[in-house]
Structure formats: C-alpha cells, structure tokens
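Here the structure comes first, spelled out in structure tokens, and everything after it is commentary.
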Amino acid sequence: MAHSRAQSEAAISELLRRLSPLLRQRAFAFARNEADRQDYYQEGVVGFLSAVHTFKVDCGARFSTYACTCALNRMRNLLRQRAKGSEFVTVPLVTDDEIAGAYPDPQQLTQTSDEVEQVLERIETTLSSFEKSVLRLYLGGLSYAEAAQQLGTNAKAIDNAMQRIRRKLSR
C-alpha cells in the first residue's frame, strides 16, 4: 500500500510538473503583481489536484483538458471574487491549441519539480490531521456539507479549515 501511495504521489508530482508552466503563464496573465501571481498559481494547483481526484476515465475528455479546465476555473473564480463591485473585468480565455502547445523548457521543469516537492512537504508538515482530511475530501469533490457529514462536524468548521489551509499554504 505504501509503495502504491508513493507511486501515486510521484505520478501526481510529475503531472503537476508538466502542467506548472501553463499555470504560471495563466497566473501571470491574471495577476497585477507577484503576490497576485502566487495566489492565482496556488488556485491553479488546487484546481489541478481537484481534477486528479475527480477525473473519470469514461467521461469522454482527455485528462489534460479536464485538469487545465479545473485549474483555470479556479483562477477565474479568484478573479471574479476579487472583481466583485467593479464594472468591467477582462478574463483571458485559453483554447485547446494553447494547452496543447505549452511545452516547458528544462530549466522550468526542474524549478517546478522542486516547488511541487515543497508544496507536498508543506502540506505534510504544516497542516493538522483534521486539515489534511478536509483537504483530501475537498479535492475528492465533496461539498463542505458532505465533508462535514463524513468528519462528524458542521459545514462552518470545514469552511474555517479551508481558510486556514489556504493561509498556511500561501505562506
């Protein structure tokens, strides 16, 4: 079981490493400054991890398309949240051709691999066991109410845990 889990984590790390240049490119397009870029990139990573746990092979879509869509939707949601109250917001769109044409350079791949390892380590060392459980259920596609039911708590506790998770991982 541990060997299988290690293989799964290695596969997820490799997939994220390959997608990371596109996430960085999109984060750059959405953001106004470096702090914003990090926020958008982080949301993209969360969207990717959610895609890993919710993808269904028989859905008729390629995983890369599905993962990119989930990641970009998370970024767009952050943009919408930040833009509430403003009259006009430009939202960059990504086509399948742009996704297919995103070829990372080797230096970026090495940097991205290190960053993935740091994120995974930060999850392990920073989050409490409850927060890890909440994150796993959230990435598995459960709503706050469903996660609360499984963990024997309420939706507000799940929401609070998600806020703490975002804060801790963004540091």
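Numbers below:
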| item | result |
| --- | --- |
| Residues being over 11 Å from Leu72 (Cβ atoms) and either crowded, with 19+ Cβ neighbours inside 10 Å or among the charged types (D, E, K, R) (or both) - total across the range 21-30 | 1 |
| Qualifying residue in the range 49-70 (condition: surrounded by 22 or more Cβ atoms within 10 Å (Cβ to Cβ), under 18 Å from Arg122 (Cα atoms) and not assigned by TED's automatic domain parsing to the domain that holds Gly140) | yes |
| Identity of the residue in the range 109-141, part of a loop (DSSP other than H, G, I, E, B) and out of contact with any Lys or Arg (no Cβ under 9 Å at 6 or more places or on another chain), that ends up modelled with the lowest pLDDT | Gly140 |
| First in the range 62-74 and assigned to a helix (DSSP H, G or I), second anywhere and of a type in the set (S, T, N, Q), Cβ under 8 Å, 6 or more apart | Cys70/Ser50; Cys70/Thr54; Arg74/Ser50 |
| Filter pass, Glu14 being surrounded by 21 or more Cβ atoms within 10 Å (Cβ to Cβ) and either on the phi > 0 side of the Ramachandran plot or not assigned by TED's automatic domain parsing to the domain that holds Arg166 (or both) | no |
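The values are calculated or read from the model by the stated rules, or taken from the named source; none is laboratory data. Note that the coordinates shown come from a computational prediction; the quantities given were computed from them, not determined experimentally. Cβ atoms come from the backbone with ideal geometry, glycine included; neighbour counts cover every protein chain shown.
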